[in-house]
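The values are calculated or read from the model by the stated rules, or taken from the named source; none is laboratory data. What you see is a predicted model; the values in this text were computed from it and never measured. Every residue, glycine as well, gets a Cβ built from its backbone with ideal geometry; the counts of neighbours run over all protein chains shown.
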Amino acid sequence: EVQLLESGGGVVQAGGSLRLSCAASGFTSDDYALSWFRQAPGKEREGVSCISFPNGLTYYADSVKGRFTISGDRDKNTVYLEMNSLTPEDTAVYYCAADTNRNSFAPAPTFPLLPYEYDYWGQGTQVTVSS
C-alpha cells in the first residue's frame with residue numbers, strides 16, 4: 001500500500017519560510033496526485049496545493065497562490081511544499097495525501113479539494129507561525 005511521511009514542519013516567525021517534504025512509497029501506477037492539506041484547530045481540513053503525475057502539473061488554493069510552491073521529484077518519490085511569506089493564518093497541521101484513483105484523462109483539480117477523494121494520508125507535520 002501507499003505510505004506517506006511528512007517532514008519539515010516547525011516554528012517560524014511571520015514572513016519566514018519553510019519547506020515541507022512528503023516521502024512516498026508503494027505506488028503501483030504512474031498516474032496519481034499528491035496534495036497538501038492543512039487543518040487548524042476548529043477549522044475544516046483545507047487543501048492548499050496539488051501536483052499530478054506523470055505530467056507534473058501544479059495547482060493552488062487562492063489562499064496560498066503566489067506564496068507556496070509545490071514540486072515533485074519522481075526519482076526520489078518525494079514532493080515538496082515551499083512556503084514563503086508565512087503568516088499566523090498558515091499555522092496548522094499539514095498533511096500529505098495521495099489520490100490514486102485517477103488517470104491521464106481526469107479533469108484538472110478544482111478548489112476546494114475534497115478530502116474524501118484521497119485514499120492515503122500521512123500523519124501530518126506541525127507548522128507554527130509566530131507573529
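For (1) under 20 Å from GLU6 (Cα atoms); (2) touching a strand residue (DSSP E or B) at 6+ places or on another chain (Cβ under 7 Å), each residue gets a yes or a no:
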residue	(1), (2)
LYS65	no, no
SER71	yes, yes
ASP75	yes, no
THR78	yes, yes
GLU82	yes, yes
THR87	no, yes
THR91	yes, yes
ALA97	yes, yes
PHE111	no, yes
#### Entry: Matching residues, the stretch 108-131, being in contact with a Cys (Cβ under 7 Å, 6 or more places away or on another chain) and either among the small types (Gly, Ala, Ser) or within 14 Å of ARG45 (Cα to Cα) (or both)
LEU113, GLY122
### Message
Regarding the stretch 91-110, can at least one residue be identified that is touching a Ser or Thr at 6+ places or on another chain (Cβ under 8 Å), over 17 Å from ILE51 (Cβ atoms) and either of a type outside the set (Lys, Arg) or not in a loop (DSSP other than H, G, I, E, B) (or both)?
### Response
yes
### Query
Taking the stretch 75-92, which residues are exposed (fewer than 13 other Cβ atoms within 10 Å of the Cβ) and at pLDDT below 95?
ASP75, LYS76
### Query
Is there a residue in the stretch 55-67 that is within 21 Å of THR28 (Cα to Cα) and either aromatic (Phe, Trp, Tyr) or free of Cβ contacts under 8 Å to residues at least 12 places away in the same chain (or both)?
no
